[in-house]
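What follows is a single structure, written as structure tokens, with notes after it.
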Amino acid sequence: MAEAMKGLHRSHRCTEVSVNDAGSTVTVMGWVQKQRNKGGIIFVDLRDRSGILQIIFEESDCGAENFAKAEKLRSEFVIAVVGKVEKRAGAVNENLATGQIEVRAEQLRILSESETPPFPIEADSKTKEELRLKYRYLDLRRPDLQRNIMLRSRIVAGIRKFMTEEGFLEIETPILGKSTPEGARDYLVPSRVHPGTFYGLPQSPQLFKQLLMCSGYDRYFQIAKCFRDEDLRADRQPEFTQVDMELSFVDVDDVIDVNERLLQYVCKEAIGLDVQLPIPRMTWKEAMERYGSDKPDTRFGMELVNVSDAVAGCGFGVFTAALENGGSVRGINAKGQASMPRKKIDALVDFAKGYGAKGLAYLGIQQDGSYKSSFAKFMTQEQLDGLVKAMDGQPGDLLFFAADKNNIVYSVLGALRLEVGEQMGIIDHDAFHFLWVTEFPLLEWSEDENRFVAVHHPFTMMMDEDLQYLDSDPGRVRAKAYDIVLNGVELGGGSVRIYQNEIQEKMFEILGFEKEDAHSRFGFLLDAFQYGVPPHAGLAYGLDRLVMLLVKADSIREVMAFPKVKDASCLLTGAPDVVDVVQMKELHLSSDVEEQEV
């Protein structure tokens, strides 16, 4: 039978009790982690969000009634205990923060009983994620997950403190807005009072934060909930949290400066990590050429090498065809891997095909200096020697090559570099390597849409010296855009914004928007620009990703309280779900999806 609190007040969380409290009486409350009845003495591990505290029940101390209740305790019962703090008579438990003490119970109240949980409430759970997410309220009791969620809270508090002290104002922007899809799909909300119309849930507060700059608020930030209706991956969710900001009267260096100091402050406060400033910078072009990625993992080498000159005119048709079609031949050097089994090499070839490669050429340098290669018969010894020299190949090395259009070569070798680096064990998973990637292309050509599309978004300013190419060679234009990368993961990105009307309208024109269409989508922003708009720039972080990387989790689901799974459904609540016909009618909606039989 569950008992009431009856005037009890918790005096300490479990790990707030220490040797300094020895001899004093405390009141602690929480969940039973484990009960061990040794006959005449009962040990209970009491758990709350702070950790575990050992409670001892002996009938001579707590009385027959309380001792009888202690005998009934099972895992996940919720209890309140009044008792006296003592130094442990037995061995100290070095694995517990409270390992030097225990509480000798004088009073016990069972506040709530529990059925047997469907899985153990323990750190490093081996339970399948689907089951844990179905019972997320139990999963959230696990110590490691609680540490993640509490660290997330501290990070948010630190961000708010830093931003406020830097003169930023926290301003909330609307969740119900206008649908302006450019890239990922919007989530739509039907309007009851405006039949046939819909709100769009924000993919970011982009337009509103630019309007705030027009309104003179100078420095804005927000811990913003955002939504994207897209396919999910380990670091994606349909709803996610951004650390969003915008600044007036600034250029690239000003935004980078404040964000470097923000990262330094948050990392130190959250996990004691000293981030050295300034954070290195690398242009997009350099990142692609060296690492095959616009979010390079710089914790290890194995950089891409352009060997196009070394193989020009050779007899290997795969290489020469790529060069004739305007592509390139590039390689990576897996040091000391020449003895890699053929089966493993074939697996890497299949891996490369998953990133668009038609194949993957390889060359192993044997200890005697001879070559074991998939293409050696098509090249002369002199050509092979020149290729190996270009790759700085040494006996024992295994060289991989991709030949195709540049974008495919980058994609293939960028992914292969990470895969081989992981297999070789040369990535330092204890390291934190931050990097700014700058000067992205402003536009990229979309074969599907047969037009240029914005790499970031249509409000991104171009580099001053590239304005001259906007009409004649749009693909050449670089953006005043910047991404912050940590260990090969994009943490966030931003840009200097276009604030001149004529440049903004030219941008819309290049993107294929008719003037009327652009004003239909973004007219409220363009109208605001008629009334004096300051130069402004901004950036947004994925908060979930930042926390995930700082706690070294494999997925952002491990740092979110109630995440969804890959089909954007919630295993806990059953969302999304059908709604009542009356609700559908009120919203002027009907569905042609037949109800499935359960």
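The values are calculated or read from the model by the stated rules, or taken from the named source; none is laboratory data. Note that the coordinates shown come from a computational prediction; the quantities given were computed from them, not determined experimentally. Cβ placement follows ideal geometry from the backbone for every residue including glycine, while neighbour counts extend to all protein chains displayed. Each accessible area value is taken on the protein alone, full model and side chains, heavy atoms only, with ligands, DNA and RNA left out. Shrake-Rupley method; radii C 1.70, N 1.55, O 1.52, S 1.80 Å.
Numbers at a glance
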| item | result |
| --- | --- |
| The chain, dipole about Cα centre (Lys/Arg Cβ +1, Asp/Glu Cβ -1), debye to the nearest 20 | 1980 debye |
| Span from the the stretch 78-131 Cα centroid across to the the stretch 232-306 one, whole angstrom | 41 Å |
| Whole-number accessible area per residue in Å² for the chain, which is evaluated in the context of all protein chains at 1.4 Å | 50 Å² |
| Amide H contacts under 5 Å for L169, placed H, 5+ residues apart | R219, Y220, F221 |
| Carbon + sulfur, % of accessible area of the stretch 406-465 - ligands and nucleic acids excluded, 1.4 Å | 45 percent |
| Accessible area, probe 1.4 Å, largest first, for residues K128, K268 | K128, K268 |
| F319, F513, reordered so the largest accessible area comes first (probe 1.4 Å) | F513, F319 |
| Surrounding net charge for D254, when Lys and Arg each add one and Asp and Glu each subtract one, Cβ distance under 14 Å | -3 |
| For the stretch 381-397, 3J(HN,Hα) per residue [Karplus equation, 6.51 cos²θ - 1.76 cosθ + 1.60, θ = phi - 60°, Hz, x = Gly/Pro] | 4, 5, 5, 5, 4, x, 5, 5, 5, 4, 8, 6, x, 10, x, x, 8 |
| For the stretch 342-354, Karplus couplings with θ = phi - 60° (6.51, -1.76, 1.60), whole Hz, Gly/Pro x | 4, 4, 6, 4, 4, 5, 5, 4, 5, 4, 4, 5, x |
| Residues with amide H under 5 Å from that of R451, placed H, sequence gap 5 or more | S446 |
| Nonlocal amide H pairs with M461, under 5 Å, H built at 1.01 Å | K480, V496, R497, I498 |
| Semi-axis lengths (Å, descending) of the ellipsoid that matches the C-alpha gyration tensor of the chain | 52, 36, 24 |
| Inter-centroid distance (Cα atoms) of the stretch 401-418 relative to the stretch 171-222, Å | 38 Å |
| Dipole of the stretch 482-598, positive end: most advanced residue of L539, L571, V593 [Cβ charges, Cα centre] | L539 |
| Selected from A91, V81, V26, residue furthest toward positive end of dipole (the stretch 9-117; charges at beta carbon) | A91 |
| Karplus 3J(HN,Hα) series, Hz, for the stretch 54-70 with 6.51 cos²θ - 1.76 cosθ + 1.60 (x for Gly, Pro) | 7, 10, 10, 10, 10, 4, 5, 9, 9, x, 5, 5, 5, 5, 4, 5, 5 |
| With DNA, RNA and ligands ignored, accessible area of I175 (1.4 Å probe; Å², nearest 10) | 70 Å² |
| Long pairs among K128/K564; K335/K405; K72/K126, criterion Cα-Cα beyond 23 Å | K335/K405; K72/K126 |
| Per residue Cα convex hull volume in Å³ - calculated over the stretch 268-385 | 174 Å³ |
